[in-house]
Amino acid sequence: MEQTVQFAKGLEGVIAGESTICKIDGEKGQLYYRGYPIQELAEKTTFEETTYLLLYGELPNRDESVVFSAKMRNARDLSPAVLEMIRNFPEKSHPMELLQSVIAYLSAYVEHKIHHGPHCNCRETLHQVAQLASVVAAYERIRNGLEYVPPKRNLGHGANFLYMLRGEEPTESEGKIMDSALVMHAEHSFNASTFTARVIASTQSTCYSSISGAIGALYGSLHGGANEKVMVMVDEIGTPQNVVPWLDKTLGEGKKVMGMGHRVYKAKDPRSNLMEAYLKELCEAKGDMTYYDILKTLEVETRKRMEQKGKPVYPNVDFFSGAVYRLLGIPTKLFTPIFAMGRVSGWLAHVLEQRIDNRIYRPKALYNGPEPRSLS
Ligand SMILES: CC(C)(COP(=O)(O)OP(=O)(O)OC[C@H]1O[C@@H](n2cnc3c(N)ncnc32)[C@H](O)[C@@H]1OP(=O)(O)O)[C@@H](O)C(=O)NCCC(=O)NCCS
């Protein structure tokens, strides 16, 4: 007998699949990848190790780590054809549109086959994880009339991205912060882009199609992009002294404070604590605490006002990350592409998991259209 499931707009509360990759405890504000808390992973592992953890289920031992990192680093350099594509891409396009197209294009450069089982060559080549960061860096340089900077194999993933973007090596601390930010963005369960990747994987399409589709989903303003809006807000506020008048006006007009609140977390997003610490470190290194002071005052004052209304809100990962990226010298339009550079590891882990016990996704619609009728 056919089982009927209640209609839930946006699939809210619906369990759409099983997964062993990520656990979120929204009430306690905890996030785990394969059982490890995000705080520990972001502080003690590299993005390459976290990618291995997401794809294989366990952290690599020393030998595995060496082999895996070497494979990923070997896959970083962009081919002349991809560089040509970046140069020829319409100038006004958003970098997310370029990323989506490049990933689809890259599939032509690997053994092209439709996969009928859990194993595919994405574990072997790590092509997409490695190349995304290089494409983002190359996009920015080429748009600014600068030469492509080839990757350096002795640098970790985050540090190499900053090197390819700037043309000079970042400090050790900057490289660590960038790497850690990618770890924090790597996975977040069945969000819209990950679900998109799994739906495409469920049709037995290629992992390149899954990632290209996921990038398209992330491009939407309801998914990626809140940290861009946080920086618009910070620029508008300008000084720590202006936080309170700005906030009272904004809340008075019924507007939201960007980077605060979350659909899943009903406590402070664990990633925002780390981002806050990184922002403080970068502001101290620069000798200018303005961004930190604005955001910290904004957090305290917003929480106070929302608690008085009985609607507590807390900072999410985007609240401090935009300022962190800006202090690393990253332009605002690259914030969502950076999200994709981290999340690609989680997307691939979900593609592989989907293939293990696959069933094509095929929900039903609640039909509200006209009753059957005739043309005559
Ligand atoms: C993320 C978000 C959509 C979560 O939404 P949600 O779980 O549906 O929470 P709600 O919108 O129902 O919030 C409950 C109440 O708190 C208010 N609220 C939530 N977040 C708020 C914020 N950032 N600033 C001011 N008020 C906020 C809502 O207006 C709502 O009040 P109401 O009952 O008078 O309408 C929401 O918090 C938001 O828009 N935040 C800002 C954008 C952002 O940072 N997005 C990135 C998310 S990772």
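The values are calculated or read from the model by the stated rules, or taken from the named source; none is laboratory data. It should be emphasised that the depicted structure is a prediction, and the values quoted were computed from it without experimental measurement. Here Cβ is always computed from backbone atoms with ideal geometry, including for glycine, and neighbour counts include all displayed protein chains. Just the protein is used for accessible areas: all its heavy atoms, side chains included, with ligands, DNA and RNA removed. Shrake-Rupley method; radii C 1.70, N 1.55, O 1.52, S 1.80 Å.
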Hey, with R₀ at 51 Å, roughly what FRET efficiency would R153 and Q308 work out to, going by the Cβ-Cβ distance, to 0.05? 0.40
Using a cut-off of 13 Å between alpha-carbon atoms, which aspartates and glutamates can reach K333, once sequence neighbours fewer than 8 places away in the same chain are excluded? E97, E140, E228
Separation of the S221 and I142 label points, Cα + 7 Å toward Cβ, nm: 2.8
Please list, or write none, the aspartates and glutamates whose alpha carbon is within less than 14 Å of the alpha carbon of K280, excluding same-chain residues fewer than 8 places away. E174, D288, D293
Which order do the peptides 360-366, 67-73 take when ranked by the mean count of other beta-carbon atoms within 10 Å per residue, highest first? 67-73, 360-366
Relative packing of 43-52, 319-328, which averages over residues the other C-beta atoms within 10 Å, highest first: 319-328, 43-52
By how many nm would the segment from Q6 to N273 grow when fully extended, if each residue of separation counts as 0.36 nm and the alpha-carbon distance is taken off? 92.4 nm
Counting only protein heavy atoms, what percent of the accessible surface of the chain is carbon or sulfur at a 1.4 Å probe? 52
Among the complete DSSP H segments of the chain, which ones combine at least 30 Å of alpha-carbon extent along their axis with a mean Kyte-Doolittle hydropathy of 0.0 or more? 335-356
If you stretched the chain out fully between E284 and K249, how much longer would it get, using 0.36 nm times the residue separation minus the C-alpha to C-alpha distance? 9.6 nm
Helix-only CD estimate at 222 nm, as mean residue ellipticity for the chain, using -39500 (n - 2.57) per DSSP H run (n ≥ 4): -17500 deg cm²/dmol
Please give the contour-minus-distance gain from N61 to E91: 0.36 nm per residue of separation, less the Cα-Cα distance, rounded to one decimal in nm. 6.4 nm
Distance from segment 326-376 to segment 201-276 (C-alpha centre basis), Å: 18
Distance in nm between label sites at N368 and A192, each 7 Å beyond Cα in the beta-carbon direction? 1.9
Using a probe radius of 1.4 Å on heavy atoms only, what accessible surface per residue do you get for the chain? Whole Å² is fine. 49
Can you give the Kirkwood hydrodynamic radius of the chain from its Cα pairs, in Å with one decimal? 21.9
Among the listed pairs K152/K176; K92/K176; K229/K266; K256/K311; K266/K364; K268/K304, which are separated by more than 23 Å between their Cα atoms? K92/K176; K266/K364
